[in-house]
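Novice: Mind having a look at this structure? Questions to follow.
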Ligand code: GAL
């Protein structure tokens, strides 16, 4: 192993262990990174040339997430058999750990060739702002992607006429996952409004269920917050918070935060120790009736061979019917990528119909491309495709669409304090300050 590479790997491993130690979480115990295997760089291709490699960084390591990535890697192995895929995925839902590792690598001028980034402000307000990724207009021209990628998405991955990433999917954040048996046994209809939702959970608690709403570690609380705020404030109210037309100081924000505080009263006491998969499992096991999570939960349930509408059900988060709170995973090309040509080959697969139709049916997302083969997708994903086509689309905070990293991290800090003290007025004041500091 070359010395510089060894030092880099050591730095990554140390950074990762520091982060996991600091988080104290037991998330995704699945293999975290294939980066430790350095044999790829020296392997010979069948024609005798040195084998090329591409290092791809993500946080898809298990619990329904790795399977999707693996399916796309399989396609890559057929289109580019001479390029070794170096999987540098780092475990942890929503990229909480991975993005910290990535940030330290970028700071050390040691980028992976390509990494997972969310369309929206995470991309534009973070990586583009820091001049860390290359524009990909040449690839869009060559591959004709402007004809197949949704018009709503292109502005979110563009800046100054340049397009900066290749979206592989569309995920929906505002999904309520249910245990149909628990609901039926308690005579509860799937709630359509926040009031119905709270009433249903009162009924369940009265029947002896401690925590009708399953939740996990802090980012899943942020995820819950954004969906409850959308429910409480509506699409214009939510989107207005990010374009400056709605004040963080307003009464409607106060009401939304009170709704969120009420939702938290139904949550499991051990939330901070659980991954999103653990929280989803509580619903499958009937320990909870509901979980609010993005539709990667469908990929998790699929991997567990759960039957849709029998073992689990779904609906828009109460009060958000007709609204699609979206996010999109996309892959970027690092500036000064160590293996630029190989990275471009990977991006071509990420943007291809074949790649997307292999990845998404397993991942629990719908293709970013508009020409996906519906015959390959399960019942939930078909409903998501229909909703994506007809609903009002708004962006996710937790998953990078509406705020850049610095704003989001201010909000996250405020959330951390709120989860301890439950003080709505102080929380709102901190959110106002976060907007002033970063908005
Ligand atoms: C999101 C990401 C999804 C899924 C989820 C849970 O941020 O966009 O693809 O991985 O985190 O880890």
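The values are calculated or read from the model by the stated rules, or taken from the named source; none is laboratory data. This one's a predicted model, so the numbers in the text were calculated from it and none came from an experiment. Cβ sites come from the backbone with ideal geometry, for glycine too, and all protein chains shown count toward neighbours.
Novice: Could you go through the range 395-405 and let me know if any residue there is outside any helix (DSSP H, G or I), farther than 27 Å from residue 261 by Cβ and in contact with a strand residue (DSSP E or B) (Cβ under 6 Å, 6 or more places away or on another chain). Write out each step before concluding.
Specialist: Pass one, the range 395-405, residues outside any helix (DSSP H, G or I): 395-404.
With farther than 27 Å from residue 261 by Cβ added as a condition, the list becomes none.
There is no residue in the range 395-405 that is outside any helix (DSSP H, G or I), farther than 27 Å from residue 261 by Cβ and in contact with a strand residue (DSSP E or B) (Cβ under 6 Å, 6 or more places away or on another chain).
Novice: Filtering the range 53-74 down to residues that are surrounded by 20 or more Cβ atoms within 10 Å (Cβ to Cβ) and in a helix (DSSP H, G or I), which residue is nearest to the ligand (Cβ to nearest atom)?
Specialist: It comes out as 65.
Novice: Being farther than 19 Å from residue 345 by Cβ, more than 16 Å from the ligand (Cβ to nearest atom) and touching a strand residue (DSSP E or B) at 6+ places or on another chain (Cβ under 8 Å) narrows it down to one residue among 175, 182, 190; which is it?
Specialist: Working: 175 fails: more than 16 Å from the ligand (Cβ to nearest atom); 182 fails: touching a strand residue (DSSP E or B) at 6+ places or on another chain (Cβ under 8 Å).
The conditions single out 190.
Novice: What about residue 351, is it more than 30 Å from residue 257 (Cβ to Cβ), in contact with a strand residue (DSSP E or B) (Cβ under 8 Å, 6 or more places away or on another chain) and either without any contact (Cβ under 8 Å) to a residue 60 or more places away in the chain or surrounded by fewer than 16 Cβ atoms within 10 Å (Cβ to Cβ) (or both)? Break it down into steps so the answer makes sense when it comes.
Specialist: On the way: more than 30 Å from residue 257 (Cβ to Cβ): yes; in contact with a strand residue (DSSP E or B) (Cβ under 8 Å, 6 or more places away or on another chain): yes; either without any contact (Cβ under 8 Å) to a residue 60 or more places away in the chain or surrounded by fewer than 16 Cβ atoms within 10 Å (Cβ to Cβ) (or both): no.
No.
Novice: For residue 408, all conditions in the list (1) part of a helix (DSSP H, G or I); (2) within 16 Å of the ligand (Cβ to nearest atom); (3) within 14 Å of residue 242 (Cβ to Cβ); (4) in contact with a helix residue (DSSP H, G or I) (Cβ under 7 Å, 6 or more places away or on another chain) hold save one; what is the number of the exception?
Specialist: (4)
Novice: Of the numbered conditions (1) touching a strand residue (DSSP E or B) at 6+ places or on another chain (Cβ under 9 Å); (2) over 19 Å from residue 337 (Cα atoms); (3) surrounded by 15 or more Cβ atoms within 10 Å (Cβ to Cβ); (4) modelled with pLDDT of 95 or more, residue 112 satisfies every one except a single condition; which is it?
Specialist: The single condition residue 112 does not satisfy is (2).
Novice: Considering only the range 282-298, state which residues are assigned to a loop (DSSP other than H, G, I, E, B), crowded, with 24+ Cβ neighbours inside 10 Å and away from the ligand (no atom under 16 Å from the Cβ).
Specialist: Residues satisfying the conditions are 288, 289.
Novice: Just checking, does the range 357-371 include any residue being surrounded by fewer than 24 Cβ atoms within 10 Å (Cβ to Cβ), more than 16 Å from the ligand (Cβ to nearest atom) and assigned to a strand (DSSP E or B)?
Specialist: For the range 357-371, residues surrounded by fewer than 24 Cβ atoms within 10 Å (Cβ to Cβ), more than 16 Å from the ligand (Cβ to nearest atom) and assigned to a strand (DSSP E or B): absent.
Novice: When the residues of the range 251-277 are filtered to those that are surrounded by fewer than 21 Cβ atoms within 10 Å (Cβ to Cβ) and within 20 Å of the chain's Cα centre (by Cα), which remaining residue is farthest from residue 217 (Cα to Cα)?
Specialist: Looking at residues that are surrounded by fewer than 21 Cβ atoms within 10 Å (Cβ to Cβ) and within 20 Å of the chain's Cα centre (by Cα), I get 273.
Novice: Is it true that residue 158 is away from the ligand (no atom under 15 Å from the Cβ), under 26 Å from residue 296 (Cα atoms) and crowded, with 23+ Cβ neighbours inside 10 Å? Outline the logic, then answer.
Specialist: Working: away from the ligand (no atom under 15 Å from the Cβ): yes; under 26 Å from residue 296 (Cα atoms): yes; crowded, with 23+ Cβ neighbours inside 10 Å: no.
Here the answer is no, as residue 158 does not meet what is asked.
Novice: Here is a further query. Please work out which residue is farthest from the ligand (Cβ to nearest atom), limiting yourself to the range 372-394 and to residues that are more than 16 Å from residue 326 (Cβ to Cβ) and in a helix (DSSP H, G or I).
Specialist: Here the answer is 375.
Novice: Right, here's the next one. Which one of these does residue 117 not meet: (1) closer than 26 Å to residue 325 by Cα; (2) touching a helix residue (DSSP H, G or I) at 6+ places or on another chain (Cβ under 6 Å); (3) away from the ligand (no atom under 11 Å from the Cβ)?
Specialist: (3)
Novice: Inspect all residues belonging to the range 329-347 and state whether any of them is farther than 23 Å from residue 54 by Cα, within 15 Å of the ligand (Cβ to nearest atom) and modelled with pLDDT of 95 or more. I'd like the intermediate steps shown before the answer.
Specialist: Filtering the range 329-347 down to residues farther than 23 Å from residue 54 by Cα leaves none.
No, the conditions are met nowhere in the range 329-347.
Novice: Could you tell me which of the residues 230, 264 is closer than 21 Å to residue 193 by Cα and touching a helix residue (DSSP H, G or I) at 6+ places or on another chain (Cβ under 6 Å)? Give the derivation first.
Specialist: Values: 264 fails: touching a helix residue (DSSP H, G or I) at 6+ places or on another chain (Cβ under 6 Å).
Just one listed residue meets the conditions, 230.
Novice: Okay, moving on. Would you confirm whether any residue within the range 126-148 is surrounded by fewer than 20 Cβ atoms within 10 Å (Cβ to Cβ), under 21 Å from the mean Cα position of the chain (by Cα) and within 16 Å of the ligand (Cβ to nearest atom)?
Specialist: Taking every residue of the range 126-148 in turn, none turns out to be surrounded by fewer than 20 Cβ atoms within 10 Å (Cβ to Cβ), under 21 Å from the mean Cα position of the chain (by Cα) and within 16 Å of the ligand (Cβ to nearest atom).
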